[in-house]
Amino acid sequence: MYPEIMNQNPLEIKLADDERQPCEVWTRVMGYHRPTSSFNIGKQSEHSERKYFVETGTPDTGVSRPVH
């Protein structure tokens with residue numbers, strides 16, 4: 001493959017701020033997708049307070065259920 005890349009430890013790679021690329025987060029709103037950067041201040045606040053669904057399986061049945 002690329003031996004010069006395989007010998008590097010990825011934890012040693014350092015990027016300056018001007019080398020970084022911003023990550024754009026999208027979410028589904030009313031049946032369509034839009035970037036969260038286009039939200040107004042109230043919607044951005046609401047989005048940051050969301051609770052995310054965590055799925056776990058029960059050991060005896062293997063059926064998944066939401067965790068509250």
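Pick from R20, R34, R65: which is at pLDDT 80 or above, surrounded by 10 or more Cβ atoms within 10 Å (Cβ to Cβ) and among the charged types (D, E, K, R)? So that I can check it myself, show each step before the final result.
On the way: R20 fails: surrounded by 10 or more Cβ atoms within 10 Å (Cβ to Cβ); R65 fails: at pLDDT 80 or above.
It is R34.
Does E4 satisfy the condition of being out of contact with any strand residue (DSSP E or B) (no Cβ under 9 Å at 6 or more places or on another chain) and modelled with pLDDT of 85 or more? Walk me through how you get there before you give the answer.
Values: out of contact with any strand residue (DSSP E or B) (no Cβ under 9 Å at 6 or more places or on another chain): yes; modelled with pLDDT of 85 or more: no.
No, not satisfied.
The values are calculated or read from the model by the stated rules, or taken from the named source; none is laboratory data. Note that the structure is a prediction, hence the values are computed from the model and not measured. Here the Cβ is made from the backbone with ideal geometry for all residues, glycine too, and neighbour counts use every protein chain on show.
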